[in-house]
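Working notes for the structure below.
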Amino acid sequence: MMRMPADWWDSPTAVGCPLSRGPQSGRTARRLTRSTLRDWGLAFLSEDAETIVGEFVANAVTHAAATVVPSQRRQAADGLGLRLLRRNGEVICAVLDPSDKAPLLKAPAAGEEAGRGLQMVDALSDVWGWSPVAGRGKAVWAVLFCA
């Protein structure tokens with residue numbers, strides 16, 4: 001698995017925003033992703049990037065933030081965030097959540113209605129994974145090559 005450099009999350013060249021645990025957070029993240037990629041001249045990546053970011057946010061809101069102890073829930077909500085980073089020949093889309101639990105790519109049963117988000121991420125991205133972010137949980141990220 002590819003690991004990201006420890007300080008990449010706070011890179012001054014990253015575009016990002018905090019996210020809430022509410023249903024509007026996915027829309028906010030997708031809009032920022034679309035407009036950022038358009039500004040970078042990479043609109044051709046926006047559909048895949050928006051889908052990836054939407055899945056990461058949904059997982060963070062549904063799973064990671066929900067695993068936090070109720071007394072820490074307000075802090076956890078503040079711990080969600082989106083980062084987009086453009087590097088030479090690639091774009092990194094990442095969502096931070098307060099959990100240190102690794103995301104799992106699994107094959108849901110044929111009748112299950114949910115559980116296919118990371119399968120979509122795996123199919124749309126060139127590589128994806130997760131990295132700890134010191135004192136803040138983890139970032140789940142995907143790389144899209146643009147060269």
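The values are calculated or read from the model by the stated rules, or taken from the named source; none is laboratory data. What you are looking at is a predicted structure, and each value in this text was computed from that prediction instead of being measured. So basically every Cβ, Gly included, is an ideal-geometry build from the backbone, and we count neighbours across all protein chains shown. The protein model used for the area step is the full one, side chains on, heavy atoms only, and it has no ligands, DNA or RNA in it. Shrake-Rupley method; radii C 1.70, N 1.55, O 1.52, S 1.80 Å.
Laid out as a table, the results:
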| item | result |
| --- | --- |
| Condition met for LEU42 (modelled with pLDDT of 95 or more and on the phi < 0 side of the Ramachandran plot) | yes |
| Count - residues of the stretch 115-147 that are without any contact (Cβ under 8 Å) to a residue 24 or more places away in the chain and part of a helix (DSSP H, G or I) | 3 |
| Hey, VAL57 among the β-branched types (Val, Ile, Thr), modelled with pLDDT of 90 or more and either in a helix (DSSP H, G or I) or open to solvent by 40 Å² or more (accessible area, probe 1.4 Å) (or both) or not | yes |
| The stretch 111-135, residues that are modelled with pLDDT under 90 and within 14 Å of the chain's Cα centre (by Cα) | GLY117, SER131, PRO132, VAL133 |
| Condition met for ALA6 (open to solvent by less than 30 Å² (accessible area, probe 1.4 Å) and either at pLDDT below 95 or not basic (Lys, Arg) (or both)) | no |
| Every residue from the stretch 87-110 that is modelled with pLDDT of 95 or more and of a type in the set (Lys, Arg) | none |
